[in-house]
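Nothing in this text is a laboratory measurement; each read-out follows from the coordinates by a stated rule. Here the structure is a predicted model, which is why all the values come from computation and not from measurement. FYI the Cβ positions are ideal-geometry reconstructions off the backbone, even for glycines, and counts take in every protein chain you see.
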Amino acid sequence: MKFKCSHESCFPDTTCALGHNNRAECEHWTGDAQPSEQDLESARSERPESTSDIPWNGYVLGTSDLTILGGRGRPAVIGLIGPPDSGKTSLLTYLYMWLLEHGEVAGWSFAGSWTLGGWESVVQYSRWTSEPPPSFPPHTSSSGRHPGILHLTLRSQATGRLRDVLLTDAPGEWFNQWSRSPNSSSSEGARWVIERADALLLLVDTGALSDREKLPATRRATRDLMERVGAQASCRTAVVWTKDDVAAPDAVTKMIETASGEFMPAAQTMRTTIKDPDTIEACFAWAIEAATAKFPMQIEQEPRLSHDPFQALRRFYERH
Ligand SMILES: Nc1nc2c(ncn2[C@@H]2O[C@H](COP(=O)(O)OP(=O)(O)OP(=O)(O)O)[C@@H](O)[C@H]2O)c(=O)[nH]1
Ligand SMILES: [Mg+2]
């Protein structure tokens, strides 16, 4: 006998969305009304090994998981967009490695993450643990319709306040597809990023622009993307020239700069290379500032008035 949950927010790798410790007690659990102990045992053994005992699995968050996080304030969303191989996942890898080394980025201290497993899987290719030496992350899968979302909680060193920041890691094919037909059902994931982002980083792949074979397709994809983003994005945007360690021909660079000036005149321009992590820190410093400045509302720290949780809450409300 197979058991399945019919609730739209319930997923096999996390706990019951309605809080049932025993899923068989939930009305959305389809199977026998009175499952035998043997059925229950086989249902338990069917749980995937990665099943979490909490409502999220610690890897990337999906759009349905964001409701859990939204409970403590609106998170700032930073969208990374760009053609395939333009370096989106590499930028995130270097951000995480920067945080591991420095514990802070641009005046924001690392204060937690709900997707540590996701960050770790992004950087696993970049760690030098043994031979062979580290390589770049593999292509981001375009299966599934929703972007993988990585989470950081940051604490402002200036004000001490917390801020939840979400960074999207979506496959480049989505954005190529979206720039060609933004309303098609296959552009849903890219639309999600463009519409929800509080700051957008549009990546220009200097490496591909310097490659004769890749140049025509990359130039067209980048220009199309700039035109669409310029017309549809309502948040702050930056054009990030990645792989700055490679030189693209001047004429090609000029052409893309002209398109950027024409379609995204207000966008910030930045250059990054993994050979100089400071350039990547500067890029995220801008993005975090741009995304968080849009929503000055921040998580308030309640004063701790007692170490007893009940007393602490009561005294807080007595004072107000
Ligand atoms: N030379 C150089 N190469 C880079 C740099 N950053 C990334 N790359 C290269 O770009 C390739 C693609 O990087 P990814 O970060 O996987 O690109 P992506 O945009 O996430 O690609 P998709 O997920 O397929 O859309 C890597 O395999 C590296 O070879 C850089 O700063 N300099
Ligand atoms: Mg990727």
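Points worth noting:
- Distant-in-sequence amide contacts of ASP85, defined by a placed amide H-H separation under 5 Å and a gap of 5 or more residues or a different chain, comprise GLY172.
- Net length available on complete extension from GLU289 to LYS4 is 98.3 nm, with 0.36 nm assigned per residue and the Cα-Cα distance removed.
- Long-range amide H partners of ARG236 with built H, under 5 Å: LEU200
- Ranked by how many other beta carbons lie within 10 Å on average, peptides 272-282, 212-222 from highest: 272-282, 212-222
- Protection proxy ranking, highest mean first, for peptides 180-193, 155-168: 155-168, 180-193, where packing is the per-residue count of other beta-carbon atoms within 10 Å, averaged.
- Cut-off under 5 Å, modelled amide H: who pairs with GLU104 long-range: PHE110
- Top positive-direction residue, dipole computed over segment 205-301 with Cβ charges, set TRP241, PHE284, THR273: TRP241
- Sites MET255 and ASN21 - FRET efficiency at Förster radius 45 Å, r taken between beta-carbons, to 0.05: 0.15
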